[in-house]
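S.K.: If you scroll down you'll find the structure; I have some questions about it.
Please treat every number below as a calculation from the coordinates, not as lab data. Since the model is a prediction, treat every value here as computed from it, not as a measurement. FYI the Cβ positions are ideal-geometry reconstructions off the backbone, even for glycines, and counts take in every protein chain you see.
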Amino acid sequence: MRTHLTVMLTVLGFVGLIAPAAAHHGFETEYDNDKVISASGVVSKIEWTNPHMHVYVDVTDAAGKLTTYNLELTSPNAIQRLGWNKNDLVAGEKVTFKAHAGKVVESRAALDSLVKANAPKQEIFKGQRPEDLGSN
Amino acid sequence: MKKMFVLSAAVIGTIVLLLVHLQAQQRGQGAPAAGQTGGRGANANEIVVGQLAGRPVIQPVRRGVDYRDAISPTDPAMNGPVPRLPDGHPDLTGPWEGGGSDNDMGVEGGLKEGELDSLLLPAARKLKEERSKAIYGEPYIYCLPMSVPRINPYPWKFVMGYTSKGLQYVYQLHETGDAGAHRVIYMDGRRHPDPATLIASWWGHSVGRWEGDTLVIDTVGYNDKFWFDAPGTPHSEKLHTVERWTRISYGTLVNDFTLEDPDTFSKPVQLRFVARIVKPGVELMEYICAENNQIGLAGGYLGKSDASQIGIGGGPVLKDEKK
């Protein structure tokens, strides 16, 4: 089945997975807060690397053109502390993601949300803990 | 006439008493009485977590990336007793979160907005303005050390280095931000080397001593490359810092920080930072920052070749990149 690409330009509040890095790495310098890519594709690679994790997703558009999206997350340590590990997403899985486009290289994007095709309600690599919600 | 005077005095007295009472109530809402902990500080984002030298210790309450792995400042465990080492000194190990500068050293250290900048000498102020305008000028984002007094939003710890001679070293380790280096604080009584022979370095030369329960760290020999905070508050190689680390309870470690730099600031600067203990089970993890640093590539500021020139990974450039 051919993967389907939809690119939407949407104004959204920024609640991306890359937030922990924003203070140091200038999110708004690098990424377009107003340009949100929404696409479906197949995970080709996951890098549990420093300083930040990257998930690569191959997306084929209606004309058959393939684009590999390089999605930046926060540090692998922060993701692990949320309880995720390397078995939670692997190459070959079909996913749908939303991400903020890179200002110059659009396919280098800051991941906002990612779900698997077979579990569309479960966001991968995200979690909300009490202190993130402001209880302290 | 006399009755009128007495009546007026009574009315005025009542009004004065009422005003005093109202003022006391307002004070009570703003700051807890001496010795009281757990109350709110001067604003809703601060909380009083203890006392040090008769002054309340204020813990900033931040959300999100800051203190994300620390226990809540309202957790009763915060006020537990200070753990002690076998030799009786307080155990400063941690791990901790916070306790240093990051986004604005002056404000984070307890000064008013802009107060720190007002102490910058003209050349230093100009340098900071240039740095603030620069895109990706900060050494830290290229995985270079952040140095003192910076603490980024990840756990860090002191490692108390005992040998057969007792406590000879204290090491300060950061999960991130130290670029894999370790900061060593000599506790063996040695002095700083002759300034004429000292080669400037990222972490400088640190000697430590106990003053009662306070670990005092004196450091000279810094290079001028690292930034005190993200906007680029600068310093020179004449920087001299004194950190006074006091664990006032199980959950709180205070860093009273003095910096002197006659080439940068018009007078010594006194700041206070507060670190919070992490939750049980949180340990420092491996973090090799230079492994896959793709900073600047999405925004088109650095190409792979630029990144390689300054010694960072740069990350893969994909043949199917969409521009």
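S.K.: Would you please classify the overall shape of the stretch A:19-116 from the alpha carbon gyration tensor, given that a ≥ b ≥ c denote the square roots of the eigenvalues, rounded means a/c under 1.5, and beyond that prolate means a/b larger than b/c while oblate covers the rest?
M.R.: Working: a/c = 2.08, a/b = 1.11, b/c = 1.87.
Since a/c reaches 1.5 but b/c is at least a/b, the shape of the stretch A:19-116 is classed as oblate.
S.K.: Taking a 27 Å limit on the Cα-Cα distance, which of the listed pairs A:Lys45/B:Lys279; B:Lys128/B:Lys323; B:Lys112/B:Lys279; A:Lys94/B:Lys323 fall beyond it?
M.R.: Working: A:Lys45/B:Lys279 33 Å; B:Lys128/B:Lys323 33 Å; B:Lys112/B:Lys279 31 Å; A:Lys94/B:Lys323 24 Å.
Those over the limit are A:Lys45/B:Lys279; B:Lys128/B:Lys323; B:Lys112/B:Lys279.
S.K.: Let me ask another. Return the sequence-ordered ³J(HN,Hα) values of the stretch A:65-74 in whole Hz as given by the Karplus equation 6.51 cos²θ - 1.76 cosθ + 1.60 applied to θ = phi - 60°, using x for Gly and Pro.
M.R.: Rounded to whole hertz, the list is 7, 9, 10, 9, 8, 9, 9, 8, 10, 8.
S.K.: Let me ask you something else. Can you report the principal axis dimensions of the stretch B:167-218 using only the alpha carbons, biggest first, rounded to whole angstrom?
M.R.: Largest first, the stretch B:167-218 extends 32, 32, 14 Å along its Cα principal axes.
S.K.: What percent do you get for the relative contact order of the stretch A:24-116 when only Cα pairs under 8 Å and 6+ apart count?
M.R.: 34
S.K.: May I ask you to derive the relative contact order of the stretch B:144-231, considering only C-alpha pairs under 8 Å and at least 6 residues apart, and to give it as an integer percent?
M.R.: Numbers: 145 pairs, mean separation 22.9, N = 88.
Taking the mean separation of contacting Cα pairs over the length of the stretch B:144-231, I get 26 percent.
S.K.: Using modelled backbone amide H atoms (1.01 Å from N, in-plane), which distant-in-sequence or interchain residues come within less than 5 Å of B:Val57's amide H?
M.R.: B:Val49, B:Gly50, B:Gln51, B:Leu52
S.K.: A further question follows. List the trypsin sites (Lys or Arg not before Pro) in the stretch A:54-117 that DSSP assigns to loop (not H, G, I, E or B) and whose Cβ has at most 11 other Cβ atoms within 10 Å. Which are they?
M.R.: On the way: sites: A:Lys65, A:Arg81, A:Lys86, A:Lys94, A:Lys98, A:Lys103, A:Arg108, A:Lys116; in loops: A:Lys65, A:Lys86, A:Lys103.
Those that pass, being in a loop and sparsely packed, are A:Lys65, A:Lys86.
S.K.: A follow-up question, please. Roughly how many nanometres apart are two label points built 7 Å out from the Cα toward the Cβ at B:Arg125 and B:Asp91?
M.R.: Each label point is offset 7 Å from its Cα along the Cβ direction, giving 4.9 nm.
S.K.: Starting at the first residue of the stretch B:261-272, write each ³J(HN,Hα) from the Karplus equation 6.51 cos²θ - 1.76 cosθ + 1.60 with θ = phi - 60°, in whole Hz, x for Gly and Pro.
M.R.: 7, x, 8, 10, 10, 6, 7, x, 10, 10, 10, 10
S.K.: First obtain the Kirkwood hydrodynamic radius of the stretch B:254-297 from its Cα pairs, then insert it into the Stokes-Einstein equation at 20 °C and 1.002 mPa s, and state the resulting D in µm² per second as a whole number.
M.R.: Working: Rh = 14.9 Å.
Stokes-Einstein gives a translational diffusion coefficient of 143 µm²/s.
S.K.: Shielding of A:99-111 by partners, i.e. mean partner chain Cβ atoms within 10 Å per residue? Please report the intermediate quantities before stating the final value.
M.R.: On the way: counts 0, 1, 2, 7, 4, 7, 9, 4, 6, 11, 2, 1, 0.
Rounded to a whole number, the mean comes out at 4.
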